[in-house]
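The values are calculated or read from the model by the stated rules, or taken from the named source; none is laboratory data. This one's a predicted model, so the numbers in the text were calculated from it and none came from an experiment. Virtual Cβ from ideal backbone geometry, glycine too; neighbours counted across all protein chains shown. Please note that ligands, DNA and RNA were not included when accessible areas were found on the heavy atoms of the full protein model with its side chains. Shrake-Rupley method; radii C 1.70, N 1.55, O 1.52, S 1.80 Å.
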Amino acid sequence: MGVGTRLPRYSSVHIDDERLYLLLDRYLAGEASAAEAQAVREWLAEDAEHELLLEELRFVRRAGTEKVPPSSTDMAWARAVQALELAPKPRVSRRLLVAGLTAAAVVVALLAGRIVLRPRWSEYAAAAGHRTTLHLPDGTRVTLGPKSRLRNRADYGRSDRAVYLDGEAYFQVAPDKQRPFRVHTAGSVTEDLGTAFVVSAYTDQIATEVIVTEGRVSLSRADTTVASRAVVLEARDLGRLDSSGTATVRRGVDVDRYLAWTKGVLAFDGAPLSDVVRALGRWYNVEMRLPDSAVAARRLTATFQNEPIDLVLKRIALTLGLRVERTDGAVFLLPNPR
């Protein structure tokens with residue numbers, strides 16, 4: 001299929017698009033959802049070259065996990081040559097071989113909090129149950145939510161200010177009228193118009209959410225090949241952009257509730273239990289399951305702060321008339337027997 005190849009659920013993602021590599025990296029790390037994994041398998045079946053590309057990315061990931069002492073660079077180089085099954089040629093310089101490896105890696109940067117083979121990207125990650133705060137070169141402050149990843153080009157701020165998010169983050173943007181600040185996710189682009197805002201775009205969400213705490217932002221779909229209008233959000237606005245590109249806006253929301261996680265607080269206000277268990281799974285790094293759609297649709301209003309997961313589950317069960325069971329490492333919230 002070549003350059004024009006697209007993934008079924010990522011219809012706007014071409015093979016030279018960074019979002020494709022975000023998806024493939026999640027797939028190789030075992031973090032892709034069932035639907036994403038199926039999309040990758042279908043993409044692999046379309047063209048034999050796709051499997052070769054995936055193998056190259058798998059090699060790059062494997063190479064990135066090796067800890068090589070500074071004094072052992074020649075030994076590490078020899079291992080890389082052997083792994084690639086390259087016959088030694090006296091007239092082939094190491095610089096040319098580096099160029100070959102870089103071309104094979106295409107534009108991949110591993111999302112492991114460091115740069116591998118291609119020093120074109122800076123990458124940051126927060127593990128499950130953790131948050132992290134960082135400052136970008138222009139002074140923008142970013143708070144990453146649990147199980148979230150952010151990356152930006154090494155030349156960030158020179159010509160533009162673009163970051164790529166998988167998960168949730170709170171951005172307090174440094175003003176710069178010449179270079180707008182943009183947050184790219186798999187399905188949306190949020191452009192700062194002088195503000196602070198939250199973007200929530202986990203892969204298991206059905207829509208990207210943007211909550212503006214100060215100033216204004218514009219929210220638009222990532223697929224620029226489809227005609228659509230950007231939605232302008234102002235302070236205390238909540239914008240939602242679903243996979244079809246449909247945007248909705250709620251005015252006058254309680255922004256403190258949406259910022260609570262940045263202070264270590266989980267706040268739910270009439271949230272469907274399906275959303276609650278996903279948030280708790282990221283926060284406590286626990287697998288949670290619901291038996292059916294009826295239980296998933298029950299709504300919870302509660303606030304949790306620094307409480308152990310067992311106490312959180314007990315409170316939810318008492319509030320919603322459920323019982324907690326643990327099986328094979330997973331937590332089930334089940335209706336009480338009648």
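Within segment 304-311, at least one residue is free of Cβ contacts under 8 Å to residues at least 40 places away in the same chain, within 27 Å of LYS263 (Cα to Cα), open to solvent by less than 80 Å² (accessible area, probe 1.4 Å) and part of a strand (DSSP E or B). Of everything in segment 186-207 that's of a type in the set (Val, Ile, Thr) and not in a loop (DSSP other than H, G, I, E, B), which residue is nearest to the chain's Cα centre (by Cα)? Ranking the qualifying residues of segment 186-207, first place goes to VAL199.
Selection within segment 163-185: residues that are surrounded by fewer than 21 Cβ atoms within 10 Å (Cβ to Cβ) and among the polar types (S, T, N, Q). The member of this set that is farthest from the chain's Cα centre (by Cα) is GLN178. Here the condition is being farther than 24 Å from GLU31 by Cβ and of a type in the set (D, E, K, R); of ASP192, ASP204, it holds for ASP192 alone.
Among the residues here, LEU280 does not qualify as in a strand (DSSP E or B) and open to solvent by less than 20 Å² (accessible area, probe 1.4 Å). Within this structure, GLY264 fails the test of being in contact with a Lys or Arg (Cβ under 6 Å, 6 or more places away or on another chain), of a type outside the set (Lys, Arg), exposed (fewer than 12 other Cβ atoms within 10 Å of the Cβ) and under 30 Å from VAL142 (Cβ atoms). Scanning segment 283-303 for residues that are closer than 22 Å to PRO146 by Cα, open to solvent by 40 Å² or more (accessible area, probe 1.4 Å) and touching a Phe, Trp or Tyr at 6+ places or on another chain (Cβ under 9 Å) yields TRP283, ARG289, LEU290, THR301, THR303. Within segment 208-230, being surrounded by 18 or more Cβ atoms within 10 Å (Cβ to Cβ), not in a loop (DSSP other than H, G, I, E, B) and not polar (S, T, N, Q) holds for GLU209, VAL210, ILE211, VAL212, VAL217, LEU219, ARG221.
Looking across segment 158-177, just one residue is touching a residue at least 60 places away in the same chain (Cβ under 8 Å) and in contact with a His (Cβ under 7 Å, 6 or more places away or on another chain), and that is TYR164. Looking across segment 131-146, the residues that are open to solvent by 10 Å² or more (accessible area, probe 1.4 Å) and out of contact with any helix residue (DSSP H, G or I) (no Cβ under 9 Å at 6 or more places or on another chain) come down to THR132, LEU134, HIS135, PRO137, ASP138, GLY139, ARG141.
Considering only segment 301-322, I want to know if a residue exists there that is among the charged types (D, E, K, R), in contact with a strand residue (DSSP E or B) (Cβ under 7 Å, 6 or more places away or on another chain) and under 29 Å from VAL210 (Cβ atoms). No; the residues of segment 301-322 include none that is among the charged types (D, E, K, R), in contact with a strand residue (DSSP E or B) (Cβ under 7 Å, 6 or more places away or on another chain) and under 29 Å from VAL210 (Cβ atoms).
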